[in-house]
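Novice: Have a look at the structure that comes next, please.
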Amino acid sequence: MRVSRYFMPVLKEDPAEAEIVSHRLMLRTGMIQQAAAGIYNWLPLGFRVLRKVERICREEMERAGAIEILMPTIQPASWWKESGRYEAYGKEMLRIRDRHDREMLYGPTNEENVVDIFRRHVKSYRQLPLNLFHIQWKFRDEIRPRFGVMRGREFLMKDAYSFDYDYEGARRSYETMFVAYLRTFRRMGLVAIPMLAESGPIGGSMSHEFQILAATGESVVYYDAAFEELDLTGEEVDVARLTSLYAAVEERHDPARCPVPPERLKKARGIEVGHIFYFGTKYSAPMGATVMGPDGREVPVEMGSYGIGVSRLVGAIIEAHHDEKGIVWPESVAPFRVALIGLRLDDADCRRMAEELYERMCAAGLEVLYDDTDERPGAKFATMELIGIPWQVVVGPRGARQGTVELRRRRTGESAELSPESVLARLTA
RNA sequence: CGGGGCGUAGCGCAGUCUGGUAGCGCAUCUGCUUUGGGUGCAGAGGGUCGGCGGUUCGAAUCCGCCCGCCCCGACCA
């Protein structure tokens, strides 16, 4: 992509309304633009990151055996009356009437919806286990939306729903998601700490929330240092050990009863980005989602639900990965992998070298953002550092004479003078 | 919802207390200049001062009502 043809409304000054670093950087880099309180437009740069985060969620869900569907944003109120949540949910739910005066709502979550799908098609324990997920926009009319996309009213969520015949099966499904979540966040360059949590309005009896570590996080968390070096690579992961490791938010942490020896107990700040629940038959029973067991008896299905705040993650990743110059994207979610910075493009040699390298990068399938404008060098460097692309390749008169370009890492600042060939080789390796 | 703050050009702000018909920086456009860390000079365009109503000869400024946004608190992916 050429900067001269791209839409990337970068701001030189901090917008007045943004307090926390991720919100400020998302506005300054032109990733998002506010539409109303807690509701945002995703501009090209932000949308690219959002899609990458979404893709990692999708891949890890599929790896864990979940199957993707897409449920609507608008739901009939009748489902929620069946489950009993229509009255219980309160003002956070956006209620709508259509032209026939039918009661509808903009979905804050999809338990009822997925149960309706399930109950119409699944009748036997032989069809289980089943895990259906989707990645869809939610609306919760928060009392106080804030911090940009970190607590929006409209937000993108990955939500999965597991169905099992019995408790043992439901527990296995829960544990599978537990591991999938750790893998998901790790792939985004985050350290996630799962902790036992209150179940809240989703209901149920077992629940973990996943907090990712960031110095600017909202809550204080205590955790076993073992979380920082978990081995999640193999297919067989010791789930029992993972779920037994200690972690707690400050409010629930009791130093006197903490099982972790002081030298292994860590204290940090965290941001909640995911939450998993086991809730048994809370929805299946009232909504009549039952299956026939091997004994010929019909029983309500055992369920769990598993949410990840996809749009919130974009903000959370920035909270965890930035410096005084701007964002420092982990490679897995960076909007572009390489920033090609052309200096002195009015000079024929520089121009030819930059254009040639750009063509070759594109041909090699690299995601490259090529600054082909005639801005001053300082402005180009500052912008690329602000938007945080992991690799910078600088083509300028200094190297052009001996046929080299500069390769730089955004994260460390380390740089090397290399031939265009070896830069290509390094980036495509 | 309680508490605090803000709304003036695309962005950041001054002007409001003490009423006299709107200004600065950045950005934008034109020309020249400069080119490895947000160049310099000259010129130009751009504003129903959030909205409605009131007071006044006269309102960005005073009064009333409304709308929107941000921050703190209780709640959430």
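The values are calculated or read from the model by the stated rules, or taken from the named source; none is laboratory data. Only a predicted model underlies this, so the values are computations on that prediction, with no experimental measurement involved. Note that we place each Cβ from the backbone using ideal geometry, even for glycine, and neighbour counts take in every protein chain shown. When the accessible area is computed, the model is the full protein with side chains, heavy atoms only, and any ligands, DNA or RNA have been set aside. Shrake-Rupley method; radii C 1.70, N 1.55, O 1.52, S 1.80 Å.
Novice: Could you please report the charge total around residue A:293, scoring K, R as +1 and D, E as -1 over all other residues with beta-carbon less than 12 angstrom from its beta-carbon?
Specialist: Around residue A:293, the surrounding residues sum to -2.
Novice: In the neighborhood of residue A:74, defined by Cβ-to-Cβ distances under 12 Å, what is the net charge if each Lys or Arg adds +1 and each Asp or Glu adds -1?
Specialist: Neighbourhood net charge equals +2.
Novice: If you don't mind, another one. Rounding to the nearest 10 and keeping the result within 0 to 90°, find how far the Cα-based axis of helix A:348-363 lies from the longest principal axis of chain A.
Specialist: The angle comes out at about 30 degrees.
Novice: Another one. Per residue, how much accessible surface does the range A:3-327 expose to a 1.4 Å probe? Answer in Å², no decimals.
Specialist: Result: 46 Å² of accessible area for each residue.
Novice: While we're on this one: Round to a whole number: what % of the accessible area of the range A:3-327 belongs to carbon and sulfur, probe 1.4 Å?
Specialist: Exposed carbon and sulfur together represent 49 percent of the surface.
Novice: So which of A:12/A:380; A:158/A:267; A:91/A:138; A:12/A:325; A:81/A:282; A:158/A:282 end up more than 19 Å apart by C-alpha?
Specialist: Values: A:12/A:380 12 Å; A:158/A:267 28 Å; A:91/A:138 15 Å; A:12/A:325 12 Å; A:81/A:282 14 Å; A:158/A:282 21 Å.
Result: A:158/A:267; A:158/A:282 exceed 19 Å.
Novice: Moving to a separate point now. In debye to the nearest 20, how big a dipole does chain A give about its Cα centre with +1 on each Lys and Arg Cβ and -1 on each Asp and Glu Cβ?
Specialist: Details: 59 positive and 64 negative charges, 131 e Å.
Dipole size: approximately 640 debye.
Novice: Please compute the length gained on full extension between residue A:355 and residue A:422, using 0.36 nm multiplied by the number of residues separating them and subtracting their Cα-Cα distance.
Specialist: Fully extending the segment from residue A:355 to residue A:422 adds 22.5 nm.
Novice: As a check on your grasp of the helix formula, calculate [θ] at 222 nm for chain A: sum -39500 (n - 2.57) over DSSP H runs of n ≥ 4, divide by the residue count, round to the nearest 500.
Specialist: Computed mean residue ellipticity for chain A: -9000 deg cm²/dmol.
Novice: If you don't mind, there's one more thing I want to ask. Just the accessible area per residue of the range A:342-429, please: how many Å² with a 1.4 Å probe?
Specialist: 50
Novice: Further, regarding this structure: Extending each Cα 7 Å along its Cβ direction at residue A:373 and residue A:258, get the distance between those two points in nm, one decimal.
Specialist: About 4.9 nm separates the two model spin labels.
Novice: Report the residues of the range A:258-293 in range of a label on residue A:123: point 7 Å along Cα→C-beta, backbone N strictly under 14 Å from it.
Specialist: Under cut-off, by backbone N: A:290-293.
Novice: To continue, here is another question. Need one number: % antiparallel among DSSP beta bridges in chain A, to the nearest 5.
Specialist: 85
Novice: With an 8 Å cut-off on Cα pairs and a minimum separation of 6 or more residues, tell me the relative contact order of chain A in percent.
Specialist: After rounding, I find 16 percent.
Novice: Also, I was wondering about something else. For residue A:87 and residue A:225, what is the calculated FRET efficiency with R₀ set at 45 Å and r taken between the beta-carbons, to the nearest 0.05? Let's see the in-between values first.
Specialist: Values: r = 45 Å, r/R0 = 1.01.
Once the sixth-power term is evaluated, E becomes 0.50.
Novice: Looking at the square roots a ≥ b ≥ c of the eigenvalues of the Cα gyration tensor of the range A:338-428, which shape do they give, rounded for a/c under 1.5, prolate if a/b is larger than b/c, or oblate?
Specialist: On the way: a/c = 1.31, a/b = 1.04, b/c = 1.25.
Rounded is the answer for the range A:338-428, as its axis ratio a/c remains below 1.5.
Novice: Evaluate E = 1/(1 + (r/R0)^6) for residue A:299 and residue A:244, where r is the Cβ-Cβ distance and R0 equals 51 Å; express this FRET efficiency to the nearest 0.05.
Specialist: The formula returns an efficiency of 0.95 here.
Novice: Now for a different question. What spacing in nm lies between the two simple spin-label points modelled at residue A:324 and residue A:99, each 7 Å away from Cα in the Cβ direction?
Specialist: In this crude spin-label approximation the distance works out to 6.0 nm.
Novice: Rounded, prolate or oblate, given the Cα gyration tensor of the range A:3-327, with a/c below 1.5 counting as rounded?
Specialist: It is oblate, given that a/c is not under 1.5 and a/b is not larger than b/c.
Novice: Report the normalised scattering of the range A:236-388 as log10 I(q)/I(0) at q = 0.10, 0.15, 0.19, 0.20 Å⁻¹, calculated by the Debye formula with identical scatterers on the alpha carbons.
Specialist: Taken in order of the listed q values, log10 I(q)/I(0) reads -0.71, -0.99, -1.23, -1.28.
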